[in-house]
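> Below you will find the structure I want to go over with you.
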């Protein structure tokens, strides 16, 4: 089934039911479909047709969903852009995807106009609200006369619905080509795994520009004829009020969300919390047990990626579950552990997690070599290390690829290294992930300065500022370590990153920018859980 058929089937079945809750808005299935169809007809009127690309540079809001489904209804391709991206990062995605239109808002649109002339294929920039900074079309005005009747367009399940850009080991993001069935089948899996009932409400704090919120909460609600609660971002100071107001039956999580909930002071409401379950990944077994005991809910762990959707999962009801594991393969999936020669390993042997079955990405956009490599032998090679026990439950050990995972965001170490290495006073750098109780991993940069330079002429704050101007905030290193000579290397001259990940203490010379901010310049590495808000949209 394609996404248009999925939406129209749901509207026909429950037109007056609330599909979307957002802040104080309540939008029925029929109303949602009307919004979608008007935007779809507007796109057609501008010359956007099947196979054309439109980018969405938007935070969590109904307009993101309206425009995404409008594009799906006419067979066009949606490219979402992380709202934390800097101008150069936005430029790369717009140019590489060949987007013809980009839709943004008043807060972000200035970034688009800084790079618009460098994106030759970009025909139009549209804002969802009035922008005093840039003279562009406002979407509500553009669609006010658009029809709600949409012509029939042939869309195959295998046709491309979106291209989602995710960090890769080469530094530049890779565009994952996702077909329509990727969304409808993953939504089906989510409903089955979590035993979603039609009267239930599903809540997400996760950003819509990521795969997780798109395929689980959004498509899960749609496939299950349930309701979706969209929150702009996770805030510990607001979460109790949101739970009380919307009464979700399920909320989506990443490990950082559970870690912050675990460290909240006691609240009378938590004793009466009636949220049966939450679904996500990235939390260890001990944290899960504490959350389940304290809040009287079941934490359902899953595993997957932008390339392959939900691959492994524990089950909410009527299925196997082991706390701390990734679960077992979901319907239609085969999962194995391979060694470095792509030979299957027996239980408890450590190797790479590989996957085959549907749904699966169609490949990496404009990168057939990378597609062939990652899909060799018909198996998607995840780049993650893990093992399987004798009962068929899988466990995650770490990342094989040079990718960091910070609060749900994939970060290419090579990309961060390229930026820091471009600093005129830096000779070399290596970037690694170090464990963090809240975000899973934090970014650490190990720096060798050019001859004659010291940490007095190139201060840690100089490096941080340099990165902040060129990288999304979540890619900017938290920790900096200066090396007097060279980085530790193997006999073949490769940097020994496992050595660089070794934990050090404040008197060992590690700079911590969060402690610098909180402690007025002391820059220790002592880690305290003090955040009241986790920006997971700008998670992973």
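> Please give the Cα centre distance for the stretch 64-107 versus the stretch 358-426, rounded to the nearest Å.
Cα centres, the stretch 64-107 to the stretch 358-426: 23 Å.
> Compute the distance from the alpha-carbon center of the stretch 244-262 to that of the stretch 123-154, in whole Å.
Result: 34 Å between the Cα centres.
> Modelled label-to-label distance, residue 26 and residue 399, 7 Å Cα→beta-carbon offset: nm?
With each label placed 7 Å out from Cα toward Cβ, I get 4.2 nm.
> Something else: Run through all the Cα pairs of the chain and give the fraction in each 10 Å bin from 0, expressed as whole percent.
Histogramming the chain at 10 Å steps yields 3, 18, 28, 28, 17, 5, 1, 0 percent.
> Rg(Cα) of the stretch 383-471 divided by 2.2 N^0.38 Å? Mind showing how you got there, number by number?
Values: Rg = 16.6 Å, N = 89, 2.2 N^0.38 = 12.1 Å.
So the stretch 383-471 has a normalised radius of gyration of 1.37.
> What's the whole-number percent of alpha carbon pairs in the stretch 234-399 lying beyond 20 angstrom?
On the way: 7629 of 13695 pairs.
Cα-Cα pairs in the stretch 234-399 separated by more than 20 Å: 56 percent.
> If you don't mind, there's one more thing I want to ask. I need 218, 28, 160 ordered by Cβ neighbour count within 10 Å, fewest first.
Details: 218 25, 28 17, 160 22.
Fewest-to-most Cβ neighbours within 10 Å comes out as 28, 160, 218.
> Go ahead and estimate [θ] at 222 nm for the chain from helices alone: -39,500 (n - 2.57) per DSSP H run with n ≥ 4, summed, over the residue count, rounded to 500.
Working: 16 runs with 145 residues, N = 540.
The helix-only estimate for the chain comes to -7500 deg cm²/dmol at 222 nm.
> Share of Cα-Cα pairs in the stretch 204-294 beyond 15 Å, in percent? Before the final figure, lay out the partial values.
Values: 2457 of 4095 pairs.
Summing the P(r) of the stretch 204-294 above 15 Å gives 60 percent of all pairs.
> What shape does the stretch 403-519 have by the C-alpha gyration tensor, where a ≥ b ≥ c are the square roots of the eigenvalues, rounded means a/c under 1.5, and otherwise prolate means a/b greater than b/c and oblate the rest?
Details: a/c = 1.32, a/b = 1.14, b/c = 1.15.
Since a/c stays below 1.5, the shape of the stretch 403-519 is classed as rounded.
> Looking at the chain only, what percent of DSSP beta bridges run antiparallel? Nearest 5 please.
Here the antiparallel bridges make up roughly 60 percent for the chain.
> Which FRET efficiency, nearest 0.05, do residue 247 and residue 110 yield, Cβ-Cβ r, R0 60 Å?
Values: r = 38 Å, r/R0 = 0.64.
FRET efficiency, residue 247 to residue 110: 0.95.
> Using 0.36 nm per residue of separation minus the Cα-Cα distance, give me the extension gain between residue 344 and residue 149 in nm, one decimal. Mind dumping the intermediate values first?
Numbers: separation 195, 0.36 × 195 = 70.20 nm, distance 5.28 nm.
Between residue 344 and residue 149, full extension yields an extra 64.9 nm.
> Only bridges with both residues in the stretch 167-321 count here: give the DSSP antiparallel percent, nearest 5. Please report the intermediate quantities before stating the final value.
Numbers: 4 of 19 bridges.
Around 20 percent antiparallel, to the nearest 5.
> Would you work out if the stretch 1-75 is rounded, prolate or oblate? Take a ≥ b ≥ c from the square roots of the eigenvalues of the alpha-carbon gyration tensor; rounded if a/c is under 1.5, else prolate when a/b is larger than b/c, oblate otherwise.
Working: a/c = 2.15, a/b = 1.34, b/c = 1.60.
It comes out oblate by the Cα gyration axes.
> Would you mind telling me the antiparallel percentage of the DSSP bridges in the stretch 80-204, rounded to 5?
50
> In whole angstrom, note down how far apart the Cα centers of the stretch 2-29 and the stretch 439-485 are.
For the stretch 2-29 versus the stretch 439-485, the Cα centre distance is 47 Å.
> Each label point is 7 Å from the Cα along the Cα-to-Cβ direction; what then is the distance between the points at residue 50 and residue 273, in nm?
So the two model labels end up 4.7 nm from each other.
Each reported figure results from applying straightforward, stated rules to the coordinates on display, with no laboratory input. Everything numeric in this text was worked out from a predicted model, so none of it was measured. When we count neighbours, we look across all protein chains shown, and the Cβ atoms used for this are built from the backbone with ideal geometry, even at glycine.
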